[in-house]
Amino acid sequence: MVKTAVEIAAAVRAKELDPVQVTQEALARIAAADGVIGAFRRVRAEEALAEAAAVADRADLAELPLAGVPVAVKDVTAVEGEYASWGSRAGSSAAATEDGEIARRLRAAGAVIVGLTRVPELCVWPSSDDPDGTARNPRNPSYAAGGSSGGSAAAVAAGLVPIAHGTDGMGSIRLPSAMCGIVGLKPGKGVVRLPGETGWFGLSTHGPMTTTVADAAVLLSVLAEQPGLADLSEPRLSRIALSTQVPLTRAPLPRPFSGAVARAGELFRAAGHTVAPGTPRYRLGAIGGSVARWGAGPAEQAADFEFGALQPRTRTHIRLGRLLASRVREGTRERWLEQTEEFFSHHDVLVTPMLASLPLKARRWHESSWIANALPSLRVAGFAGLWNLAGYPAMSVPVGVHPSGIPACVQLVAAPGGEALLLRLAAQLEAANPWPRTTAP
């Protein structure tokens, strides 16, 4: 079994493991499996080995929270010597001359960046495929790994790397994490602060994707530059609401997905928490405001790409996004916050299913029309996007499994500042109900 990031870092700090050997082993796993999994757009083999050797020589080795840990970063991140493609052939391929803030923080913590993971074009869709490959779900490769952080989810679930970086604008960390059966956390608005970055009018943020809650806590503490977030002490006794109502549509759920919510409720009740049914007052305006930003955000970003070279579905999305830009209003978010604040005045945490339907099948979705992509995207993501609009922290945690082999995961949501509470509650679920960490032997 692949060691966790916490285990690797502890052994490297104690000089019981050589970072170069750890990186070599990760690269060997990638070489053996990624031809099927399709997680990486670019593997940085020579560069990663050189970086690992540099970590071993650092004077501050004993203090590094991610000492020698191989990490994958989503292909939206500035890494010195690389270019971020955003899943597109229509952008610049000029290499970055310096690390962006995410890469800088990872390297400062001692991590070794082994590669950039596959994403859909402009990170719009919940399936990470492009003309060069498809990120497949390691739990059942006939399904997609999800998106837009699908390559990162696949890399972690397949055991190619212990941890990965993702971004989440409408569920793009949580959805692929749920599909692949790993832990994925979208921190609240402003927790991972990057100068000058607003991401889809404030919807998008960076976060961790891991196989254990402890790894998620450490990686979030590095990304947010808040070391205290790595502390997984016992959570306070909390008021926990359970809901399986799909926002707006109230569509039927696969039984294992609603069953995962019930199971999580049983485990939380056994731990002493107060557990009861409870559903926020979902409003059409909030859903419309989220969808407007989903269109207008990529439309704004597309100014940096050659429009005619974008995929047909993306061009349609951008045209619609330009029309929707006038619907991006702060008042929409403020009215939704009134509802969420009222709900969380009576509850500490909301538990829902993470997926509203099974994932998309693995195929070349980038060749299909906009409507063929949009309908299943909106259906699967029903529980995710509203928490981006609110800016609340939310995370995906494995609980059970669907007969297809796709994990049945729950979403935990808390009010602003609740990242530590979510991590501690998730750690309780993990201790009481361990999940298979990866598909690697």
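The values are calculated or read from the model by the stated rules, or taken from the named source; none is laboratory data. The shown structure was predicted, so the numbers you read here are calculated from the model rather than taken from an experiment. Glycine also receives a Cβ, built like all others from the backbone with ideal geometry; neighbour counts cover every protein chain displayed. These area figures cover heavy atoms from the full protein model, side chains too; ligands, DNA and RNA do not enter into them. Shrake-Rupley method; radii C 1.70, N 1.55, O 1.52, S 1.80 Å.
In the stretch 173-216, which residue that is closer than 17 Å to GLY295 by Cα and open to solvent by 10 Å² or more (accessible area, probe 1.4 Å) is modelled with the lowest pLDDT? Reasoning before the result, please.
Start the filter on the stretch 173-216 by keeping residues that are closer than 17 Å to GLY295 by Cα, which leaves 198-205.
Retained after the next criterion (residues that are open to solvent by 10 Å² or more (accessible area, probe 1.4 Å)): 198-202, 204-205.
On the way: THR198: 80, GLY199: 88, TRP200: 94, PHE201: 93, GLY202: 92, SER204: 96, THR205: 97.
The qualifying residue modelled with the lowest pLDDT is THR198.
Among the helices (runs of 4 or more DSSP H) confined wholly to the stretch 100-186, which include 1 or more residues that are among the aromatic types (Phe, Trp, Tyr)?
Working: elements: 101-108, 150-157, 174-180.
Qualifying helices (runs of 4 or more DSSP H): none found.
Within the stretch 341-390, work out how many residues are outside any loop (DSSP other than H, G, I, E, B), aromatic (Phe, Trp, Tyr) and farther than 21 Å from ARG118 by Cα.
Residues in the stretch 341-390 being outside any loop (DSSP other than H, G, I, E, B), aromatic (Phe, Trp, Tyr) and farther than 21 Å from ARG118 by Cα: 3 in total.
If a residue has to be out of contact with any helix residue (DSSP H, G or I) (no Cβ under 6 Å at 6 or more places or on another chain) and assigned to a helix (DSSP H, G or I) to count, how many in the stretch 318-334 make the cut? So that I can check it myself, show each step before the final result.
Residues of the stretch 318-334 out of contact with any helix residue (DSSP H, G or I) (no Cβ under 6 Å at 6 or more places or on another chain): 319, 323, 326, 329-331, 334.
Among the residues that remain, those that are also assigned to a helix (DSSP H, G or I) are: 319, 323, 326, 330-331, 334.
Residues meeting the conditions: 6.
Mind checking whether some residue in the stretch 420-437 is open to solvent by 10 Å² or more (accessible area, probe 1.4 Å), in contact (Cβ under 8 Å) with a residue 60 or more places away in the chain and either within 15 Å of MET170 (Cα to Cα) or among the β-branched types (Val, Ile, Thr) (or both)?
Within the stretch 420-437, the subset open to solvent by 10 Å² or more (accessible area, probe 1.4 Å) is 420-421, 424, 427-428, 430-437.
Then drop every residue that is not in contact (Cβ under 8 Å) with a residue 60 or more places away in the chain, which leaves 420-421, 424, 427-428, 430, 432-433, 435-437.
Within this subset, residues satisfying the condition of being either within 15 Å of MET170 (Cα to Cα) or among the β-branched types (Val, Ile, Thr) (or both) are none.
Checked against the condition, which is being open to solvent by 10 Å² or more (accessible area, probe 1.4 Å), in contact (Cβ under 8 Å) with a residue 60 or more places away in the chain and either within 15 Å of MET170 (Cα to Cα) or among the β-branched types (Val, Ile, Thr) (or both), the stretch 420-437 yields no hits at all.
Kindly list the number of the only condition in (1) closer than 26 Å to ILE287 by Cα; (2) at pLDDT 95 or above; (3) surrounded by fewer than 19 Cβ atoms within 10 Å (Cβ to Cβ) that fails for ARG250.
Every condition holds for ARG250 apart from (2).
Find all pairs meeting these conditions: Cβ atoms under 7 angstrom apart; at least six residues apart or on different chains; first residue within the stretch 46-69 and under 10 Å from GLY110 (Cβ atoms); second residue modelled with pLDDT under 95 and small (Gly, Ala, Ser).
none
Considering only residues that are over 27 Å from TRP435 (Cβ atoms), in a helix (DSSP H, G or I) and touching a Gly at 6+ places or on another chain (Cβ under 7 Å), look in the stretch 1-55 and name the one that is most open to solvent (accessible area, probe 1.4 Å).
GLU47
Please indicate, with yes or no, whether at least one residue in the stretch 59-69 is farther than 22 Å from GLY207 by Cβ and of a type in the set (D, E, K, R).
yes
Are any residues in the stretch 335-355 open to solvent by 10 Å² or more (accessible area, probe 1.4 Å) and aliphatic (A, V, I, L, M), and if so, which ones?
LEU337
Assess whether GLY166 counts as being open to solvent by less than 20 Å² (accessible area, probe 1.4 Å), farther than 17 Å from GLU430 by Cα and over 15 Å from the mean Cα position of the chain (by Cα).
Details: open to solvent by less than 20 Å² (accessible area, probe 1.4 Å): yes; farther than 17 Å from GLU430 by Cα: yes; over 15 Å from the mean Cα position of the chain (by Cα): no.
No, not satisfied.
Being within 18 Å of ALA154 (Cβ to Cβ) and either touching a residue at least 12 places away in the same chain (Cβ under 8 Å) or polar (S, T, N, Q) (or both) narrows it down to one residue among PRO398, PRO416, PRO403, PRO393; which is it? Reasoning before the result, please.
Values: PRO416 fails: within 18 Å of ALA154 (Cβ to Cβ); PRO403 fails: within 18 Å of ALA154 (Cβ to Cβ); PRO393 fails: within 18 Å of ALA154 (Cβ to Cβ).
The unique qualifying residue is PRO398.
Does GLU234 qualify as being of a type in the set (D, E, K, R) and over 26 Å from GLY110 (Cα atoms)?
yes
Take the residues of the stretch 78-100 that are of a type in the set (Asp, Glu) and open to solvent by 20 Å² or more (accessible area, probe 1.4 Å): which is farthest from CYS123 (Cα to Cα)?
Going through the qualifying residues, I end up with GLU98.
With the requirement that a residue be out of contact with any Phe, Trp or Tyr (no Cβ under 7 Å at 6 or more places or on another chain) and open to solvent by 10 Å² or more (accessible area, probe 1.4 Å), what does the stretch 101-123 give you?
GLU101, ARG104, ARG105, ARG107, ALA108
Residues in the stretch 321-334: is at least one over 30 Å from HIS402 (Cα atoms), surrounded by 14 or more Cβ atoms within 10 Å (Cβ to Cβ) and among the β-branched types (Val, Ile, Thr)?
Yes, that holds for at least one residue.
Could you please find all residues in the stretch 291-318 being more than 20 Å from LEU375 (Cβ to Cβ) and open to solvent by 50 Å² or more (accessible area, probe 1.4 Å)?
GLU300, ALA303, ASP304, GLU306, PHE307, GLY308
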